[in-house]
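The values are calculated or read from the model by the stated rules, or taken from the named source; none is laboratory data. Keep in mind that this is a model prediction, so the values were computed, not measured. Glycine also receives a Cβ, built like all others from the backbone with ideal geometry; neighbour counts cover every protein chain displayed. The area values use the complete protein model at the heavy-atom level, side chains included, leaving out ligands, DNA and RNA. Shrake-Rupley method; radii C 1.70, N 1.55, O 1.52, S 1.80 Å.
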Amino acid sequence: QTLAGAYTLARSTIDQMAVRIALQCSEADSRLILADDNPAARLLSRPGEAIYNDANGMVEGNKRFQVAWLPDEERDRYLAQVRDLAQRKGYRPPREQIVFEGNAPALVEKNRLLNDLLVTPLARRAGEGLGVRALAWLGEPVAIRDPIAAVFRRQSGSNLLIVGPNDEAAAGMMAVALISLAAHFPPRPFTGEGGRGGEGPRFYLLDFGAVDAPFAGIWDTLAAVLPQVRVGRRRQLPDFIAELEAEVNRRLEEERPGRPSLFLFLYGLQRARDLRQEEMGFGGFGGFGEEPAAPNPAQQFVTILREGPDVGIHTVVWCDTVTNLGRSLDRRALREFALRVAMQMSAEDSANLLDSPLASKLGPNRALFYDEEEGRLEKFRPYGLPTQEWLVWVKMRLSARSGEV
């Protein structure tokens, strides 16, 4: 609307908009909206005269046209009449108005699909079992479509990897993903029995975030909202990993379908020293004639990644850089993440992670979601941290749902 308003969008965001429309404005505004060498909008004179440009603002793409124009007073009068008519008729639009705010994180409160899921009675929800899609919503798409979601299937590679230096954005995505997955099923307390009862999924959450971060208590807050969540830190890592690896092996041996899903969320892989490759030694065996060394957490973690998805045990990991990622996971282990999210990074790191340099062109509050099975690479706006008010509402909904079982 104005030059000041336009500057609230990053220049990189404007540059990615192929179609641009400019009404009469100053030369500086014209150069900002269209292109640095395109001041044509300052030459417009008639009310409602505009320039349509679908060539990223290049001068050769200018096309003049006339839009419908009403004086401010007349326009406001008609809008008031439309509003009054809608109120009298009790009209409600089928979908909320979409307002794109490129300079802010996405709000999970606007996720209509997740909110509907939380208020839908359990009797109308499909039960846990093979073939049931578990959706983990991550953010709002740049296109006009449903929110971006990672779909966890019981097949090899169905793990999610998030890479990028923005720890708050990573926490927001992981928190909403966890709530999304929990919302599909009845809220059952964590029994610590490997989820062997068919009563819904369990979530193991390892928190390696900075203790002095403003949002450091988010995982304990989620555990208070979701009884299926068990939170651990550095000291609990060996126990969590060993318990999950044992459950993977048990399920592989028993071959009983329909077991409840288990999810391991690891926030801050770069700080999990026990999972680094160099800690694994050289093959994990002693010298000639010696007993094989006991499996360590790094080896067990790779087993969970490789064998877990087939039996309903999935992993969600955030790491800050591709370099740190390589210290914990080799290329074979990285192939176990068919679902990937990349925030802003170098072109080389982007190519290594996504087979595309596009993540190097991302601005603030932007990420790319890659789904290997669908061959899809899509830009989106990650969810910010859930507000306390919304979490209170989620807890109320889940408490009401527990009475339905």
For residue 331, state whether it is over 18 Å from the mean Cα position of the chain (by Cα) and over 29 Å from residue 213 (Cα atoms). yes
In the stretch 142-174, what count of residues is obtained for those that are within 9 Å of the chain's Cα centre (by Cα) and in a helix (DSSP H, G or I)? 5
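From 50, 22, 28, grab the single residue that is open to solvent by less than 80 Å² (accessible area, probe 1.4 Å) and part of a helix (DSSP H, G or I).
Details: 50 fails: part of a helix (DSSP H, G or I); 22 fails: part of a helix (DSSP H, G or I).
Exactly one of 50, 22, 28 is open to solvent by less than 80 Å² (accessible area, probe 1.4 Å) and part of a helix (DSSP H, G or I), namely 28.
Just checking, does the stretch 31-41 include any residue being at pLDDT below 85, assigned to a loop (DSSP other than H, G, I, E, B) and open to solvent by less than 50 Å² (accessible area, probe 1.4 Å)? Break it down into steps so the answer makes sense when it comes.
Taking the stretch 31-41 and keeping what is at pLDDT below 85, we get none.
No, the stretch 31-41 contains no residue that is at pLDDT below 85, assigned to a loop (DSSP other than H, G, I, E, B) and open to solvent by less than 50 Å² (accessible area, probe 1.4 Å).
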The conditions are (1) touching a residue at least 24 places away in the same chain (Cβ under 8 Å); (2) of a type in the set (S, T, N, Q); (3) in contact with a Phe, Trp or Tyr (Cβ under 9 Å, 6 or more places away or on another chain), and residue 321 fails exactly one of them. Which is it? (3)
Within the stretch 327-354, can you find the residues that are out of contact with any helix residue (DSSP H, G or I) (no Cβ under 8 Å at 6 or more places or on another chain), assigned to a helix (DSSP H, G or I) and open to solvent by less than 50 Å² (accessible area, probe 1.4 Å)? 351, 354
Of the conditions (1) surrounded by fewer than 18 Cβ atoms within 10 Å (Cβ to Cβ); (2) farther than 27 Å from residue 352 by Cβ; (3) at pLDDT 70 or above, residue 183 clears all except one; give me its number. (1)
Just checking, does the stretch 229-243 include any residue being open to solvent by less than 20 Å² (accessible area, probe 1.4 Å), within 22 Å of residue 384 (Cα to Cα) and modelled with pLDDT under 95? yes
Could you give me the residue pairs with C-beta distances under 8 Å whose first residue belongs to the stretch 251-277 and is open to solvent by 10 Å² or more (accessible area, probe 1.4 Å), whose second residue is of a type in the set (S, T, N, Q) and outside any loop (DSSP other than H, G, I, E, B) wherever it lies, and which are 6+ apart or on separate chains? 270/324; 270/328; 276/328; 277/328
What residue, among those in the stretch 323-344 that are over 24 Å from residue 178 (Cβ atoms) and not basic (Lys, Arg), is modelled with the lowest pLDDT? 330
